[in-house]
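The values are calculated or read from the model by the stated rules, or taken from the named source; none is laboratory data. Remember, predicted model here, so these are calculated numbers, not experimental data. Quick reminder, even Gly has a Cβ in these numbers, built from the backbone with ideal geometry, and neighbours come from all protein chains shown.
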């Protein structure tokens, strides 16, 4: 990683004195210079583009603003063909970030995203790997497109296009070679506890030593595979432990020494499980909510979720009642959506007897004998 910090650089220093090359054809009276430790984008009579070469067209570039930056300067330019042909990321106006492609000096807006700018400290970042281009604002992905135009051009830099723009850039950072995670599990969601998860990365010099996540309860182990095609296993739910609900997007950070990159993938329930989002749970006799409460004192609430295996023609409804035509057993996980236990998962072994009675966690308990008993739900919903 290379970090260019402009603090302490003498006023009036041109960007070409800091390792960049002013591209041939650039307007001589347009320039990017240092003022009070920040960059000024000074427009004269035409485009001026500054560049430096990387090892390939893949790039990971970011810049940080020390103040409320002006619109339409191009603080991140990449895959430069020449001074008036390149990709760029810029602030389009007070409330947008733009990914643009400049061809023969004419701008095409490829994608625009609304943002909330701050008085200082905003960070623009672009990650371009092959035909995939992603733009980030303050760490959050805001734009993602697929376009192979100039994908092998290996120069990055900055460009002056319009007006006299005070860009207020304090640092400019790039990674060469770019390190990125481009695919996890082939783009498909990962199931809880899945093993042998395949991934594809680029730029790493060795197999990641660790893979971590931003989701409580999700850890990664058994890292194998090859340098840029590692495999790994994720942890499963633990009774009473935190674990994301099905459908949550999780960030996976791959780390090999100083090299690190983040890829996102959704974690979902297992394929053998049925998801039920609870709405208006019933606490009448012989409902699952009542059985859990009677046996463990836990109250199932609206927006909680069940993930359960099944047998026969079992159907659990959002109010936690059920229908089934035969006795049997199944596994049930309760995801707690809110309250002191928000994010926790609780496991229950559930048996439905021939009489339609619910027995929680195996064996006939006081709850199974007295709170539930042989009731209407057991006689009619379950069937005998």
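General remarks:
- Considering the stretch 248-261, the residues that are surrounded by 17 or more Cβ atoms within 10 Å (Cβ to Cβ) and farther than 15 Å from residue 197 by Cβ include one that is modelled with the highest pLDDT, namely 256.
- The one condition in (1) farther than 21 Å from residue 178 by Cα; (2) modelled with pLDDT under 90 that residue 84 fails to fulfil: (2)
- Counting the residues of the stretch 77-110 that are surrounded by 16 or more Cβ atoms within 10 Å (Cβ to Cβ) and under 30 Å from the mean Cα position of the chain (by Cα) gives 20.
- With respect to the conditions (1) farther than 24 Å from residue 87 by Cβ; (2) out of contact with any strand residue (DSSP E or B) (no Cβ under 6 Å at 6 or more places or on another chain); (3) surrounded by 13 or more Cβ atoms within 10 Å (Cβ to Cβ), residue 29 lacks only one, and its number is (3).
- Apart from one condition, residue 186 fits all of (1) in a strand (DSSP E or B); (2) at pLDDT 95 or above; (3) surrounded by fewer than 18 Cβ atoms within 10 Å (Cβ to Cβ); the exception is (1).
- Taking each residue of the stretch 115-131 that is farther than 27 Å from residue 179 by Cβ and looking for partners that are crowded, with 21+ Cβ neighbours inside 10 Å with beta-carbon atoms closer than 7 Å, six or more apart or interchain, yields 120/65.
- Subset of the stretch 194-214 [closer than 30 Å to residue 277 by Cα and buried (at least 19 other Cβ atoms within 10 Å of the Cβ)]: 197, 213
- So residue 7, is it part of a loop (DSSP other than H, G, I, E, B), in contact (Cβ under 8 Å) with a residue 60 or more places away in the chain, surrounded by fewer than 19 Cβ atoms within 10 Å (Cβ to Cβ) and out of contact with any strand residue (DSSP E or B) (no Cβ under 8 Å at 6 or more places or on another chain): no
- Positions within the stretch 311-327 being surrounded by fewer than 16 Cβ atoms within 10 Å (Cβ to Cβ), closer than 20 Å to residue 354 by Cβ and in contact with a strand residue (DSSP E or B) (Cβ under 9 Å, 6 or more places away or on another chain), in sequence order: 311, 312, 313, 315, 323, 326
- Checklist (1) without any contact (Cβ under 8 Å) to a residue 60 or more places away in the chain; (2) surrounded by fewer than 19 Cβ atoms within 10 Å (Cβ to Cβ); (3) not assigned by TED's automatic domain parsing to the domain that holds residue 186 applied to residue 233, failing item: (3)
- Matching residues, the stretch 146-162, being part of a strand (DSSP E or B) and surrounded by 14 or more Cβ atoms within 10 Å (Cβ to Cβ): 155, 156, 157, 158, 159, 160
- Among the residues of the stretch 19-51, those identified as at pLDDT 95 or above and either within 34 Å of the chain's Cα centre (by Cα) or over 24 Å from residue 101 (Cα atoms) (or both) are 20, 49, 50, 51.
- Within the span defined as the stretch 101-119, every residue fails to be within 22 Å of residue 175 (Cα to Cα), assigned by TED's automatic domain parsing to the domain that holds residue 144 and at pLDDT below 95.
- Flag if residue 51 is in a loop (DSSP other than H, G, I, E, B) and out of contact with any helix residue (DSSP H, G or I) (no Cβ under 6 Å at 6 or more places or on another chain): no
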